[in-house]
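Read-outs: derived from the displayed coordinates by stated rules, not from any lab. The structure displayed is predicted, hence computed values, not measured ones. Methodologically, a virtual Cβ is constructed for each residue, glycine included, from the backbone with ideal geometry; neighbour enumeration extends over all protein chains shown.
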Amino acid sequence: MNGRRILVIDDEPDLRKILADTLTSHGYVVETAENGVEGLRKGALFLPDLVLLDIMMPEMDGFSVYDRLRERPAGLTCPIIFLTARREIADKLHGFEQGAVDYITKPFHMKELLARVKVHLGEAQPPKGDVSNPMTDRELEVVRLLASGRTYKQVARALDLSQSTVRNHLHNVYRKLDVVDRAQAVIISRENGWI
């Protein structure tokens, strides 16, 4: 049992229960919240290692909850994964621009969700490959910081760059690795032992 803490914020009771049961059976300590207000309160008290956050909820959507979780008093810096039925690329890009580390569309396979949770908690230790790293040192630094759960803004501050320069580095990474989002870039980089 690893005891890592995961907060699930979703207004669908059946999904909350399935996620809680599955994650608990894999050794995680799980708290659930049925809406954004409860999620903010539990986020500040529970201090999770990772948050699974629905986007489409009544009263306060997931994007607003994300912003509030990052602010005081919660001030969470852990990885936040958006869960949503929205499949449009504009919605996904908005999710990543908000700073989420991943974006999983519903319905999803539980094995995939568990694999992504493990990657973002740094638990996945795939074998290091023999593929050479096509990224520059700066691009690798950007991917490494994003993999740790930092937002574009935080990466820009840490590297003393503009957010648009960070995005440009990331677009170069996508092209070089033939991926469409930063979660895939992180997974490939970890699989090959580059980060």
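Once every DSSP H run of n ≥ 4 in the chain is given -39500 (n - 2.57) and the sum is divided by its residues, what mean residue ellipticity at 222 nm do you get, rounded to the nearest 500 deg cm²/dmol? All intermediate terms of the calculation are to be shown ahead of the outcome.
Values: 9 runs with 98 residues, N = 195.
Rounded to the nearest 500, the figure is -15000 deg cm²/dmol.
Have a look at the chain and give its Rg and Dmax from the Cα atoms, expressed in angstrom.
Computed over the Cα atoms of the chain, radius of gyration and Dmax are 16.3, 49 Å.
Shape call for region 92-195 from the C-alpha gyration tensor, a ≥ b ≥ c root eigenvalues: rounded (a/c under 1.5), prolate (a/b greater than b/c) or oblate?
Details: a/c = 1.73, a/b = 1.18, b/c = 1.47.
Oblate.
Summing +1 for each Lys or Arg and -1 for each Asp or Glu, what net charge is found among the other residues whose Cβ lies under 12 Å from the Cβ of H26? List each step's numbers first, then the result.
On the way: positive: R4, K111, K118; negative: D21, E123.
For residues surrounding H26, the net value is +1.
Which of the trypsin sites (Lys or Arg not before Pro) across region 55-157 are loop residues per DSSP, with 12 or fewer other Cβ within 10 Å? All intermediate terms of the calculation are to be shown ahead of the outcome.
Details: sites: R68, R70, R86, R87, K92, K111, R116, K118, K128, R138, R144, R150, K153, R157; in loops: R86, R87, K128, R150.
In loop regions of region 55-157 (DSSP not H, G, I, E or B), the sparsely surrounded trypsin sites (Lys or Arg not before Pro) are R87, K128.
If you filter region 94-195 for GluC sites (Glu not before Pro), then keep DSSP loop positions with at most 15 other Cβ within 10 Å, what is left?
Working: sites: E97, E112, E123, E139, E141, E191; in loops: E123.
Those satisfying the criteria are E123.
Give the Rg/Rh ratio for region 137-191, taking Rg as the radius of gyration of the Cα atoms and Rh as the Kirkwood radius, to two decimals. Don't skip to the answer; put the middle values down first.
On the way: Rg = 10.1 Å, Rh = 10.9 Å.
That ratio is 0.93, to two decimals.
Starting at 0 and stepping by 5 Å, how many percent of the alpha carbon pairs of region 5-120 end up in each bin?
Reading the bins upward from 0: 2, 12, 26, 28, 21, 9, 2.
Rank these for me by crowding, D10, D49, D21, D91, going from fewest to most other beta carbons within 10 Å. Before the final figure, lay out each step's value.
Details: D10 24, D49 21, D21 11, D91 17.
Going from sparsest to densest Cβ surroundings: D21, D91, D49, D10.
Against the longest alpha carbon principal axis of the chain, how many degrees, from 0 to 90 and to the nearest 10, is the axis of helix 36-46 turned?
Roughly 80 degrees between the two axes.
Let me spell out the model: positive unit charges on the Cβ of Lys and Arg, negative unit charges on the Cβ of Asp and Glu, origin at the Cα centre of the chain. What dipole size does that give, in debye rounded to 20? If you can, show how the numbers build up before the last one.
Details: 27 positive and 28 negative charges, 103 e Å.
Roughly 500 debye, rounded to the nearest 20.
Relative contact order of the chain: what whole-number percent is it, with Cα pairs under 8 angstrom and at least 6 residues apart? Numbers along the way, then the final one.
Numbers: 304 pairs, mean separation 30.8, N = 195.
So the answer I get is 16 percent.
Give the angle, between 0 and 90 degrees and rounded to the nearest 10, that separates the Cα long axis of helix 163-177 from the longest principal axis of the Cα atoms of the chain.
70
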